[in-house]
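Peer 1: Input: one structure, supplied below.
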Amino acid sequence: MPATSNKTLIAVVNGPNLNLLGTREPEVYGSDTLESTNARLEEVAAELGVGLTTFQSNHEGEIVDYLHGLRQSHHAVIVNPGGLTHTSVVLRDALASIALPVWEVHISNVHRREEFRHRSYISAIAEGVVCGLGIFGYEAALRAAVRHLKR
Ligand code: DHK
């Protein structure tokens, strides 16, 4: 494990527009806010005995900088890259560069939506991909990440 801390530490990273969860297209993304989603994840992390850090940005470069900073401190990344999923070689390279296991989450079932959402630049470097489970997808990814790290 690359991280220096004894406690398992997992980062949950949300990309552009996910700050608007709860009000943004609720028929697609549901009515839970990012704040309540992160609060639920904190509960699950406490139950599983791991630490959690959460981050959201609408700016690709800020996300890249944040990811670079995780290298020495964290053990895994759960990421919903929002629209960057379908466009960003930069984000894929950043995730590959930090050499931490990645779980990719999409709230909606991207495969049932527009064709441009069917391609992900991230999936090929992810340990796991969760989509279409609503915000429960983040919890599913967190549980999967912890199980993977404890193997
Ligand atoms: C979130 C977004 O912002 C979209 O750009 C993706 C993803 C889907 C989600 O389902 O969480 O296409």
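Derivation of every value follows stated rules applied to the coordinates shown; laboratory data play no part. Being a predicted model, the structure only gives us computed values, none of them experimental. Here the Cβ positions follow ideal geometry from the backbone for every residue, glycine too, while neighbour counts run over all protein chains shown.
Peer 1: Could you tell me which of rounded, prolate or oblate describes region 8-140, using a ≥ b ≥ c as the square roots of the eigenvalues of the alpha-carbon gyration tensor, with rounded for a/c under 1.5 and, failing that, prolate when a/b is larger than b/c and oblate otherwise?
Peer 2: Numbers: a/c = 1.56, a/b = 1.09, b/c = 1.43.
Because a/c hits 1.5 or more and a/b fails to exceed b/c, region 8-140 counts as oblate.
Peer 1: When the chain is fully extended, how far beyond the present Cα-Cα distance does Asn109 get from Glu42, taking 0.36 nm per residue of separation?
Peer 2: 21.7 nm
Peer 1: Where a ≥ b ≥ c are the square roots of the eigenvalues of the C-alpha gyration tensor, would you call region 104-151 rounded, which needs a/c under 1.5, or, failing that, prolate if a/b is larger than b/c, or oblate?
Peer 2: oblate
Peer 1: Moving on to the next point. Alpha carbon centre of region 101-143 versus region 19-42: separation in Å?
Peer 2: Distance between centres, Cα-based: 16 Å.
Peer 1: Same structure again: In what sequence do Leu95, Leu20, Leu67, Leu34 fall when counting other Cβ within 10 Å, fewest first? Spell out each step's value before the answer.
Peer 2: Numbers: Leu95 26, Leu20 13, Leu67 23, Leu34 19.
Sorted ascending by nearby Cβ count, the order is Leu20, Leu34, Leu67, Leu95.
Peer 1: With unit charges on the beta carbons (Lys and Arg positive, Asp and Glu negative) and the dipole taken about the Cα centre of region 1-94, which residue among Asn38, His75, His59 sits farthest to the positive side?
Peer 2: His75
Peer 1: Could I ask something else about it? Quick one: dipole size for region 24-143, taken about the Cα centre, charges +1 on Lys/Arg Cβ and -1 on Asp/Glu Cβ, in debye to the nearest 20. Provide the component values of the computation, followed by the final result.
Peer 2: On the way: 9 positive and 16 negative charges, 66 e Å.
So the dipole magnitude of region 24-143 works out to roughly 320 debye.
Peer 1: Quick check: pseudo-label points 7 Å beyond the Cα along Cα→Cβ at Val89 and Thr23, how many nm apart are they?
Peer 2: 3.7 nm
Peer 1: What do you get for trypsin sites (Lys or Arg not before Pro) in region 1-55 restricted to DSSP loop and a cutoff of at most 15 other Cβ within 10 Å of the site's Cβ?
Peer 2: Taking region 1-55 and a limit of 15 other Cβ atoms within 10 Å, the loop trypsin sites (Lys or Arg not before Pro) found are Lys7, Arg24.
Peer 1: Shape of region 18-86 from its Cα gyration tensor (a ≥ b ≥ c, root eigenvalues): rounded if a/c is under 1.5, otherwise prolate when a/b > b/c, or oblate?
Peer 2: Note, shape of region 18-86 comes out oblate.
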